[in-house]
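A.B. asks: I'd like to ask some things about the structure below.
Just so it is clear, none of the values below were taken in a lab; they were calculated from the coordinates. Here the structure is a predicted model, which means the values were calculated and not measured. Every residue, glycine as well, gets a Cβ built from its backbone with ideal geometry; the counts of neighbours run over all protein chains shown.
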Amino acid sequence: MPRNRKEIPQGYYEPFPSTLRGLLSQKNMSQQEIANRLGISRQTVSAYCDGTAYPSVKLLIKMSNSLETSSDYLLGISNVPSRNEDIQIASKTTGLSGKAIETLQAVKDNSAPEIINGLLESKEFIRIICRKD
């Protein structure tokens, strides 16, 4: 049964609890489900989600594997959830999101790279993007 909280814990909006809550929501995963996967109690997961406790490094690694994300993303060090280092580097280099990089990787075997290269190399594209209204 959920508890009725009078005030929000001090760490509630810190990167780790915020990201953890977001990932659980995005993956439609309950606190009980992740607790079962990690071999911990639902109450412990709740404490992680509200920022009143933090996992050990060993548990953080297990959590990131279970949620299919990087520990850097969970900790708020990176804004790219992918564990793939190539995607992380490409995102950091280009400023594109991890999802955008993954999409580019997915279409690289057809004519999309030629189209995208043509677009990005076009002076007209640069003029439109850099235009100030």
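A.B. asks: Which of the helices (runs of 4 or more DSSP H) found entirely inside the stretch 26-69 contain at least 2 residues meeting this: farther than 22 Å from S82 by Cβ?
C.D. replies: Because the criterion is at least 2 residues that are farther than 22 Å from S82 by Cβ, the helices (runs of 4 or more DSSP H) in the stretch 26-69 that meet it are 31-38, 42-49.
A.B. asks: Mind listing just one residue for me: the one in the stretch 70-93 that is part of a helix (DSSP H, G or I) and among the polar types (S, T, N, Q) and, of those, surrounded by the fewest Cβ atoms within 10 Å (Cβ to Cβ)?
C.D. replies: Ranking the qualifying residues of the stretch 70-93, first place goes to T93.
A.B. asks: Among (1) within 30 Å of Q105 (Cα to Cα); (2) crowded, with 18+ Cβ neighbours inside 10 Å, where does P55 come up short?
C.D. replies: (1)
A.B. asks: Anything in the stretch 80-117 that is among the polar types (S, T, N, Q) and within 28 Å of Q32 (Cβ to Cβ)? List them, or say none.
C.D. replies: Matches in the stretch 80-117: S82 only.
A.B. asks: Shifting gears a bit: G11 is checked against (1) among the small types (G, A, S); (2) in contact (Cβ under 8 Å) with a residue 24 or more places away in the chain; (3) under 23 Å from A100 (Cα atoms) and fails just one. What number does that condition carry?
C.D. replies: (3)
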